[in-house]
Structure formats: structure tokens, C-alpha cells
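The values are calculated or read from the model by the stated rules, or taken from the named source; none is laboratory data. Computed from a prediction, not measured in an experiment: that's the story for all the values here. When we count neighbours, we look across all protein chains shown, and the Cβ atoms used for this are built from the backbone with ideal geometry, even at glycine. Ligands, DNA and RNA are stripped out before the accessible areas are found, and what is left, the full protein with its side chains, is counted by its heavy atoms. Shrake-Rupley method; radii C 1.70, N 1.55, O 1.52, S 1.80 Å.
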Amino acid sequence: MKRGSMADHQVPSFNVEFRGTSITYASPTSGAASLDFLAHTLRARNAHTLRTILICQQNCEAERLKLELAERDCNTVLLPTHDPMARQVLLLWSKGYIHQALILCDDMLEHLEGVEAHLVVHTTLPELNKFEERMEWLSRSAVKAEMLVITTREEEEENKKGGKRREAELEVQQRLPAKDIKPVVKVDPLNPKHSHETQNNMPPTENDKEQQISLGMEDTSSKALEKLQPHQASFDVKNTELAVDESSPAAARPDPPGDAHLNAAQPSKASDSEFLELLKAWKLRNAAKDMDSPTAPSVPTEEPSCPELPDTTTSDVRVVDDTASLDSFQTVEDSAASLAVEPFSAAGTTVYNYGVLAWSRHLVVPCYDLGGAPDISTNIGQAMHQLGVAKSRARAVQRFAWPHVSSGKSVIVVGNMQIGKTWSYLPTVCQRSHKELQCRPADGHGPSCIFVCPSQSQGKQIGRWMSTMLRSLGSEVVFEEVVTHWDKSQVADIVCRLSRPVGILLTSVDLLFELLSTHHSRNAPIFDAQAVKCIALDNLNDMVRLLPDLTMKLLKRLPEVLKLTQSQSQSQTNCNLYVSGRIWHTDLMVQRILPLMRDNVLILFDDALEASVYGGVQLDTQLVQEDQKIEQLKRLIERRQPAEQRAVVVCSSAAEVLQLRRKLDAMGLNAETCVSEACYANVAQWRQQSTVGPLLVTDDVVPRLRCGQLTLLVHYSLATSWMRFKQRFSLFYENLKAPALHAGGQSVIFVQATDVDSIWILSDFLLKHELPRPIHLLAILSQRRLAQPQHPGRLKLCRQLTAFGDCLRHSCKYRHVMWQHEVPPPAHYPTAGPIRFSVLACNSPASLSVRLGDHFPTVVNFLNVPMTQLGQQVQRHYEVEEHRRRHPNPVPGERAVVKNINRYERADVVSVENNGKVVVQLLDTSTELVSYMASQLYACDAIFKDQPREAMEVRITGLEPQSLDRLWPEDVRNVVRKQFFSRRQNKRNRQFYAVVQATIQQTIFVRDVHDDEGNDLRSFVTSRFRAHEDERCLDKLTAMVQSSRDFPQGC
């Protein structure tokens, strides 16, 4: 291991030679410190030339490790157990397509046979036999890897605090046999207080007990301690110091004492048997030290300096890092001659031309128009011209895509809207489908091509384009050329049509998944794996945004049905994959998309910001006041090490550049400027200097500026538009061409609290790319709602405010202050303590419509809905036609009766729209809002008008989706409905329970919801979907109530 550069913060370590392999033992002071040290170690290594594997003992540890490293801005790839795509992902990693560190557990050791790695990190110290098994598998590689073993020790100061948690763990350890005890890196939950409350409020399940046992286990065998021989102190160990990033929480902690007897001035060689004894001694000595130390408190008195992720033992989709690296690039200049690089090069080729960054392992030769893509037929070209496509020349991404795709290769296109992404592969889809259909046997079945769109509106336009191009080719067969499927009720007809050969199946994600999973079988197939020649996923980012769960399921199902693998030979199914979208989803692309593509894939970026984030550029948004910007810029420039590292500062105008240069000159910092094309010669000289100051430029010169490889890009002022801001990141393209010679770079963005629109766009970008949550930016967005309109009394109350305590919408027309009369809940609502209820409706994964069983018992089930005595009386009363009287004039606040799904129910009028529709909220079977025509409302008789509402809203505090609109996708809600709240046989009225934290207005806030079997809704959601847990939500709700005002007079 190389010595770190930050000598102020060291990690004790020693080296051992074992069977010719150098093994370094590092002993950070705590679980958090070990994670910080590991993240620093990975960032310090060049991922493009040095491969790293991280091995955990269990799959749950591997999943948590990935999440923790993502929080520390360290990108990794997880190889989960029982994943059918594991071998394909590992193949991509071994071939150089994936450069991130690989995380796996002991169950996946057999996959390491013959895999070449330069560093193997054992994140915890396993048992001796398991460690030997790891060494056996790793020894079969041609490359001898360095070994790093991390053993975590808690600080003695923490151990002296005492408490019950450690005593409970020791009791569990004493009851377990020594062979079952495995040390792991211990990570505290984000909010131990809430975790402690949850444990007190619900009985522990078997899974909870297993989790408690797996956290903090160390080998405490007293017999093994007695066998420890005194000659162990003479082993050949040498003390080294491994640095930790000084910005990490563990950096400020002192080194733990007690390792002096392991240091030796002169190292000597140890035998293998001595080394094995040393392994056991090291593990047992640390375990004994923990046992002798006083126990730690279960609930800390203050929050840790660095928040950590909540404890979870299952895969969590919500925290995934999107800062992958571009594959190994060769430096290629932008001239036409330089495009003739060696095809099938081991590292791949990067080309930056026409504003597009292109990467491929094959020869990259762009065209000017359709004439440069001879494989696209003349008839298709003429049809495209009739549709207004490529009349004069190809668009930027099409110049690269048309020659590549038409020659039978796969492509991924990432860029903004309206840049021609769909047309990059649509001509080839039509041409190849037509060609294959002419050769299909009459007794065949299924499509030749599959084209998937996010929605019917987008698909209909694409279908018209397909029909125009296919008509230009003519047809000699009677098979259907295009089958569109947008209506779920027509699935029987679609299945019948797919039982014969067809050309293109044009459909959506949910309907295609239904066809593959429900209607396709071995006995009655509707898809032929040998017949499908191409699959197009158009606008993948919209599919992930609207239907994330179904999109992931579809990508898992496609290779199973169509036999798609990255290693398929030419004799097997020759199916190409075309993918387009505005966002590069790293985990999705790496784990699901790229494994389905062969080595001929071409990746195109028409968005400089997307390409830079994908290439490993670190984004750092800093809140800096206007008068402090120059001092902050000076600190950033002086922090560069070494001094020859280059920095570029971008301003919005030439006047700002000149003013900034004068300020830097006054501080003694030399700077070069470029405000027009006439200054490009100065930039060329700046590139040739060995020690240089920053280069100050404007947005006007950025598109044609070539400033070489950068270490730092500072956005001194924001651009006038989002497109110009993203264009600035094209300055990093030289870094992406030769990442082995230079790091990905850092981009620092100066923003002020008044730049609300820009802050919202930046926050939205970070959340969509699953980057670390910008808490400081979101705080500004919520604070801006304090400025209210002139007449707030006329506005409705914002639902985001009442649900989360703040509002993060970009524009919101609702009120963001509560009136004091709105705060108190109805008198019969519970305000504290445990409650039991039945769930009437799942409004979202975090919001439920419930009915308290003790207050409103069920007397009958009507149309599969449990009905109380009041509901039964309302139903019987309004079934009589004479009792149904039209409401004469519905106004907000009045009570009415509506017919909802053949049931008569009470409802409150919420608003009356100008189009004659009335929005009401149901009172007894749900809390949802429903729209009716005014003529559909009935007057509520007096005998029912004053009865309290039976349906109540229960909301899980702080559980929200990872988006600024805070709207859960429909398929995520359906999964929660069907799997967690499913009505099982003989359990139609399932009971759930929770503990009330607060009741505000008509919403009951709870920490979690549990069923009778101990399953909880919070972990069900967070372990399956991207979700955020805001631990400050309850505090924000309290502040909202405390800031409530009196209703203004005259409103």
C-alpha cells in the first residue's frame, strides 16, 4: 500500500508477507473511521489502471458498504448474490468496461477464479478457514494482488461511557459458539434515538435478532486466548502509517493506544503457520480489549458529526451513486485524420467532435449526412427526407450513430431533448425489421424488433414515422409490419396477433412486461429469441422516472426470455440494443444495460454535464456571499497541489473577468484571461507553461476553447441559462480522453441564497442522478416560501407543507403559513400513544387511509369494502330514490353525499371549479380527493351530517421519494398495495398498529406501521425503492405549527 499524503491523520498498520503476498493490516479507530479510510484509499488510486476488489463476509454487509461509500462520494459496483447478471457484470469489469471498485461477499468467491486485480480489500477479518479460501481463489489469478485487511477498534473514550447496548451484545456473544462469531464493521444508524424508540415500540422479530447478532460480533473465545503463545511479539511486522482524508469525521480522532508491542524496527520473514497464528492473535486480542472495556450507551447524547445511513440489511435502491468513470480512453484529437485509430483497441477510443463525446472499442468514423451511412437504404433515406429528417445534414449524435448502428452494432445516446436521439436508430430498426420479416417462416411467431416507449403519446408519433418508412420499402409478405399495444384491455387481441410473425412490436414498459411475464410461456410462446434482432429503449430516463420498479423488472426479464448475454456468439441470437435518454443512470446501465450488449457498443454524450459526471468529475456546490467569493476563490487556487495543476474560472461576462483579474493581481495571484476568440493564442501559451495561475474565461468562448486537462473548474458566477451552464463542462473533455494521466477533476459552483431558480435546477439534477443529497441547497428552497403573496388568506394550504414541514416545488401557488384554527385535529383523533387500525386505502407508500377498529368496528363487507354501522345506514338510506335530493349549491366546507363505485358515501366539499366540477374528500372509506360534476352531489341529511369522519390519514414521518415534487411513482405504490397490504385468505380485515408522534390538522404522524407478524412498512419501502428519510421532519412540522398565525381580517 502507498503511504497517504495527509500525514496529520494516520491509521495504525503493519505489513506481513504470507505465501509471497504482501498483506497490510490497518486498524482504524471506529466503524466510521474505517469507512472514511477505505473511501480515501479508493479515491487515491487510479481506477482506470488499477483494479480493486472489496470482499465482505455477507451480502448485507456488501450492500451496506456500497451505500456508505456512496455517501462518501466513492463510486463502486456491487456484485450481489443470486443475480443472474453477475457473470456478465464481472465480465464487463474484467474487460475494462467498468472501472469502479468491485464489492462482493464470500458467497461469490468462486467468481474470482482467474480474475485479475491489483488490490484486494478484506473489509472485515473473517475466520481463518474462510480467509484461506479467499487466498486460494485469488491465487489463481495471473496478477499477484496487494492485500489490505481492515480491523476496526472502537476508541477507548467511547468505551468508557458505558451503557446497555454492549452488555446485551456480550450476552448474545457468550451464548453463541465461537465458530459462529464473525467480526464486521459496525455502523451506527442515522438517528439512534428513533431506532431506540422503534425497538421499544415493537417486539423483536427473528430478523431483528439475527441483525443484532451480526452487528458488533467478535471472536471472544477464552480458550483461544489461553492458547496464544508469547512468541507472537517477535513476528516480523513493520509499522506504517496509512492516511485518512482530513475532511472525514474520523480525521480528528486520536490514534488508539495499545499496539506498541506489534512494532518492530527491522522486519523479518515469517512462516505461513506463524502468519496464521498471528491472524488469530490479532482478532482475539482486539476482541478481548473490547470485552474488558466499559460498555457504551445505547442512545448518544448528541448527534455524530457526520450523519450516516440508517441500518439496513437488504438491498436499497434509494442510494445509488451516479459518478461512474468513462472507460479507458486514448487521447484522440478532433481532426479528421485522428479518427482513424486502431479498431478493437484494448483501451477503447474517445472522440470529441461536433459537440459530442463518443466512446467505442471500434473504429469511430462520423458521417456528414446519410451518404456517409451506406447501409441505410435509399428508400429509407427518401422517406426520412419527406418527414423532414436530415434534409441537408445529420444532427450531431446522428453523425456518429448512423454509420455505427446501420452496420449492425449497439448504441447508447445520452443528451438533451430534441437533438435527434430517436432518429439515431429508428431508420435501422425499420430497415432491419422489414428485411427479417421477408425471411420469416409462416409457422413462426413473435416480433423481429421490439420498440419500447415511456408513454402512448410518444409512441403514436414514432408509430407514424415507422409506417412512413416501412411503406417506402414495400412488402412481399402478408405479415403485419407494426403491432402497437397501448390498451391493457386489448391484450388478448395482441397475444393472438403475436402468435404469428410480425415486424415491430411498439409498446410501453408495463404492457411489455405483462406480455413477457404473463402471456408468454413455453407451451404458448409469443416471443422467439432467435427472431428478435433488435430492441430499442427510447427515453429510458422517463421510464425510470414514471415506472422505476417495472422498468427494472423488465430489464431482468428481457435476457431471460430472449437469451440476451454480453458473451453471445455470432451463431447465437444476434440482437442489438439501442438505448436513449437524457440521464445516465450508472447502476442501471452498468448492471442491466451494458451486460446485454456486446463489445461493439457506441456510447454518445451530447450533454457535457452528463459526460463529466459519468467521467468522474466531482460536483461541489458552495454557498458563498458576493463579498466573500474572491477570498474563497483564492483559497481554492492556493490549495492546488502541485502548483502545475490547472484551474479555469468561468464568469458570465467579460467585464466580470477583467474585474476579477484586477482583484487577483492585487492579491499577488497571476491570472490569464480569455474573453474572445482573439485571446486563444494566450490560452495556447498558458497550456505550455509549467507553473501557471488560473485561466479566467467567459461563457462566450467556452464552446471552442481547448484548455487541456483541468484539475479545477470554478463557476464564479452562474450562466444566463441552464444550457450554457452545462456547456462549461465541455472543458473537462480532455480529462476524459486520458484519465490514466489525470484525475477526473473537480467543479466548484458558487451560488448565493438569492439564486433560487438555479439552486432548484442544481438540486433537481443531483437528486435525479442519485448523487449525495444537497441539504444546504434544499434548506434555501424551503426558506423562500416564507415570502407569502399579498393575500395569502385566499389560497389553499400547501399539501407539501402539511406533510413534510416545508415545500420544495419550483413554483407553488398554495399557501405556506397555517392559520391557528387549522392546527387542532378533530376531537376524536388520537394525539399520542399506540393505535390499532385497518387500512382502507394506500394513498402512497408513506400515506394511508385507515379506520380505528376500537372506535369504528366493522359490521359488514359491502363490495369488498369493510363497512361500519354508519356506513351501512347511509347506504340503505340513499338506496331509496326519494331520499336522494340534488345538492342545490355546493360550497367549500359543506357536507354532501356522493356515489363512489356503487356505494353512497359522505364527503366534504373542498373546492368548486369554474368548469362545473366539484372536488370533494371522502370521509368514511378513504381520505382521497375525488372530482364530480355538481349535479352528482346529493344533500346530506341531518341525521348523518354531524357524525364524525371515520377515515383518517396516517403518514410515516419523514419518508419521502427522492424527488423535489415528492410524488411516488404509480408502480411503487402498487407494489406496496399488493405485497404489504394484500388481503390474504381468512384475513380480510388485517390489523396494523403504530405509535402516534403527532397529530396536526387531519393527519396522524407515526414513526412506522407494523402488522401482526412484526413486518414494518418503513423498511419495506426503503429496502426496495429510492426513498429519503428526513429525520428533521418532525422538527419542521413543529416549527410550522409554532409559526401559525391568526386568520387575517378581510380575507
If a/c stays under 1.5 just call it rounded; otherwise compare a/b with b/c (prolate if a/b is bigger, oblate if not). Do that for the stretch 943-1024, with a ≥ b ≥ c from the square roots of the Cα gyration tensor eigenvalues. oblate
Under 12 Å, Cβ to Cβ, from Glu626 - net charge with Lys/Arg +1 and Asp/Glu -1: -3
Can you tell me the FRET efficiency between His82 and Arg990 if r is taken as the Cβ-Cβ distance and R0 is 22 Å, rounded to the nearest 0.05? 0.15
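Hey, if we sort Leu555, Leu138 by accessible area with the 1.4 Å probe, largest down, what's the order?
Values: Leu555 5, Leu138 25 Å².
Ranking Leu555, Leu138 by accessible area, largest first, yields Leu138, Leu555.
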Using θ = phi - 60° and the Karplus form 6.51 cos²θ - 1.76 cosθ + 1.60, what ³J(HN,Hα) does each residue of the stretch 665-672 get, whole Hz, x for Gly and Pro? 4, 5, 8, x, 10, 7, 9, 9
Would the stretch 13-166 count as rounded, prolate or oblate if I go by the C-alpha gyration tensor, calling it rounded below 1.5 in a/c and otherwise prolate when a/b exceeds b/c, oblate otherwise? prolate
At a probe size of 1.4 Å, how large is the accessible area of Glu913, to the nearest 10 Å²? 80 Å²
What residue among Gln456, Val405, Gln418 has its Cα farthest toward the positive end of the dipole of the stretch 346-470, where the charges are +1 on Lys, Arg and -1 on Asp, Glu, each on the Cβ? Gln418
Could you give the length gained on full extension between Asp627 and Asp665, defined as 0.36 nm per residue of separation minus the Cα-Cα distance, in nm? 12.0 nm
Extension reserve of the Asp73-Asp620 stretch, reckoned as 0.36 nm per residue once the Cα distance is removed: 195.8 nm
Using a 1.4 angstrom probe on the protein heavy atoms only, line up Phe729, Phe1020 by accessible area, largest first. Phe1020, Phe729
Using each residue's phi in the stretch 800-813, evaluate 6.51 cos²θ - 1.76 cosθ + 1.60 at θ = phi - 60° and report the 3J(HN,Hα) Karplus result to the nearest Hz, with x for Gly and Pro. 5, 5, 6, 8, 10, x, 7, 10, 10, 5, 5, 9, 9, 9
As a test question: what accessible area, to the nearest 10 Å², does Glu879 have when a 1.4 Å probe is rolled over all protein chains in place? 100 Å²
Would you mind checking Lys813/Lys917; Lys553/Lys978; Lys421/Lys768; Lys421/Lys533; Lys66/Lys130; Lys460/Lys813 for any pair whose Cα atoms are more than 24 angstrom apart? Lys460/Lys813
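Output the peptides 887-894, 669-676, 1022-1029, 537-544 sorted from most to least packed, where packing is the average of other Cβ atoms within 10 Å over each peptide's residues.
My ranking of the peptides, most packed first, is 537-544, 1022-1029, 669-676, 887-894.
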Determine the sum of side-chain charges near Thr428: Lys and Arg each +1, Asp and Glu each -1, restricted to other residues whose C-beta is under 13 angstrom from that of Thr428. +2
Where Phe605, Phe856 fall by accessible area, highest first, once all protein chains stay in place (1.4 Å): Phe856, Phe605
Top positive-direction residue, dipole computed over the stretch 608-705 with Cβ charges, set Gln688, Cys651, Val701: Gln688
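Please work out how much length the chain gains when fully extended from Asp946 to Phe1047, using 0.36 nm per residue of separation minus the C-alpha to C-alpha distance, in nm with one decimal.
That pair, Asp946 and Phe1047, stretches by 33.9 nm at full extension.
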Net charge near Val1009: determine it from the other residues with C-beta under 13 Å of the C-beta of Val1009, scoring Lys and Arg +1 and Asp and Glu -1. -1
Kindly state, to the nearest 0.05, the FRET efficiency for Ser392 paired with Gln461, given R0 = 35 Å and r defined as their beta-carbon distance. 0.95
So if R0 is 51 Å, what FRET efficiency would Lys488 and Leu50 give, r being the distance between their Cβ atoms, rounded to the nearest 0.05? 0.50
Dipole of the stretch 355-426, Cα-centred, from +1 at each Lys and Arg C-beta and -1 at each Asp and Glu C-beta, to the nearest 20 debye? 140 debye
